[in-house]
Amino acid sequence: MWNGAGRRRGRRWGEDGYSLTELTVAVVILAMGILGLAGTTALVVRQSLLADVVAERSLALQSTIEGIRATPFHQIGAGEATRGRFHTAWRVTGSTGGSKTVEIVTVGPGDAPGTSALSRQVADTFTYRIVRP
């Protein structure tokens, strides 16, 4: 609020605003917040990409299992297929009169242990048991 002499009440003329120290502290705090957001954004993008790769790998594995299940029991053997970015190979590792154990290996992009980036060729093994109908 101004008085009649052209001055603000409660403060002297020239004391308006912030000091250079206050502005510097505010800019440093703001910069730290922005850097924190940037780091979090990079993590969210990586996790989202990894989730997409895991979902695609699961779809390739599911499709392979459905194909094996559609095959008559006595004809189930080794094979391979490519589904999207994933190469899938399978083989019978154990067989009894009433069941077969099939090992399925998918190779494609994924999160390799000990690395922070996605690797191009990561193998994942899944064992599936098929019971004779």
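Brief remarks on what is shown
- Scanning segment 71-101 for residues being in a strand (DSSP E or B) and touching a helix residue (DSSP H, G or I) at 6+ places or on another chain (Cβ under 6 Å) gives a total of 3.
- For Ala112, the conditions (1) in contact with a Lys or Arg (Cβ under 8 Å, 6 or more places away or on another chain); (2) not in a strand (DSSP E or B) all hold with the exception of (1).
- Any hit, segment 32-46, residues being closer than 30 Å to Thr115 by Cβ and among the basic types (Lys, Arg): yes
- Checking each residue in segment 116-133 for being closer than 24 Å to Arg46 by Cβ, hydroxyl-bearing (Ser, Thr, Tyr) and surrounded by 10 or more Cβ atoms within 10 Å (Cβ to Cβ) picks out only Ser119.
- Counted residues, segment 91-107 - those being surrounded by 16 or more Cβ atoms within 10 Å (Cβ to Cβ), within 26 Å of the chain's Cα centre (by Cα) and in contact (Cβ under 8 Å) with a residue 24 or more places away in the chain: 2
- Matching entry among Gly67, Gly39 (being modelled with pLDDT under 90 and part of a helix (DSSP H, G or I)): Gly39
- Entry remark, segment 51-62: residues being within 19 Å of Lys100 (Cβ to Cβ) and surrounded by 15 or more Cβ atoms within 10 Å (Cβ to Cβ) number 1 in total.
- Of all residue pairs spaced 6 or more apart or on separate chains, none has beta-carbon atoms under 8 Å together with a first member in segment 108-133 that is within 16 Å of Arg83 (Cβ to Cβ) and a second member that is part of a loop (DSSP other than H, G, I, E, B) and among the polar types (S, T, N, Q).
The values are calculated or read from the model by the stated rules, or taken from the named source; none is laboratory data. Since this is a predicted model, take the numbers as computed values, not measurements. All Cβ positions, even for glycine, are placed from backbone atoms using ideal geometry, and neighbour counts span all protein chains on display.
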